[in-house]
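Only one structure is covered here, and it is reproduced in the block below.
The values are calculated or read from the model by the stated rules, or taken from the named source; none is laboratory data. Not measured: the values here are computed from a predicted model. Please note: Cβ atoms are built from the backbone with ideal geometry, for glycine as well, and neighbour counts cover all protein chains shown. Just so you know, the surface numbers come from the protein's heavy atoms only, side chains and all, with ligands and any DNA or RNA stripped out. Shrake-Rupley method; radii C 1.70, N 1.55, O 1.52, S 1.80 Å.
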Amino acid sequence: RDWSSDVCSSDLDDHFLINPMGVLFEEITASDLIKLDVDGNILSDTSRSINPAGYTIHSAIHIGRKDAGCVMHTHTSAGLGVATQKDGLLPLTQMALAVIANTGYHDYEGPAFDLEERDRQNEQGKK
């Protein structure tokens, strides 16, 4: 089974939408999404919580890549297989070649609760 961790969409005001904690991807509706700012303030009228690690990872990308309209973070079987390879995604297929130039990596540091990791992610993204 493939599990989706977070899906976010950004607008022009440094706000983004993130799925609530504990809701399976296939169960989420548009009204379930929670609006945040890049500082982690919840702007939606909701009693639900968010995944703090999801916030850290997605806010890093939205801060560092203003051109990214949507950021997706998944834990698919295929993605996990690529992540465990020393050299990451290899240019072995046409599908790999279609995305390899826009693929970035960040070494795993454990659950992403530390906002300093967000700065390291953005520094790596500039390389």
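Rounded to the nearest 500, what is the chain's calculated 222 nm mean residue ellipticity when only DSSP H runs of at least 4 contribute -39500 (n - 2.57) each, over all residues?
It comes out at -8500 deg cm²/dmol, rounded to the nearest 500.
Taking a probe of 1.4 Å, how large is the accessible area per residue of the chain, in Å²?
Details: 8680 Å² over 127 residues.
For the chain, the per-residue accessible area is 68 Å².
So, counting K/R as plus one and D/E as minus one, what does the shell of residues with Cβ under 15 Å around E109 add up to?
Net charge around E109: -4.
For the stretch 31-127, with all protein chains present and a 1.4 Å probe, just round the carbon and sulfur fraction of the accessible area to a whole percent.
The nonpolar share, carbon plus sulfur, comes to 55 percent.
Whole-Hz ³J(HN,Hα) for each residue in the stretch 33-42, computed from phi via Karplus 6.51 cos²θ - 1.76 cosθ + 1.60 with θ = phi - 60°, x for glycine and proline: what do you get?
Running phi through 6.51 cos²θ - 1.76 cosθ + 1.60 with θ = phi - 60° gives 5, 10, 8, 10, 9, 5, 8, x, 6, 7 Hz.
For the chain, set up a GNM with springs between Cα atoms under 10 Å and report which of T56, T76, T29 has the largest fluctuation.
Top of the fluctuation ranking is T29.
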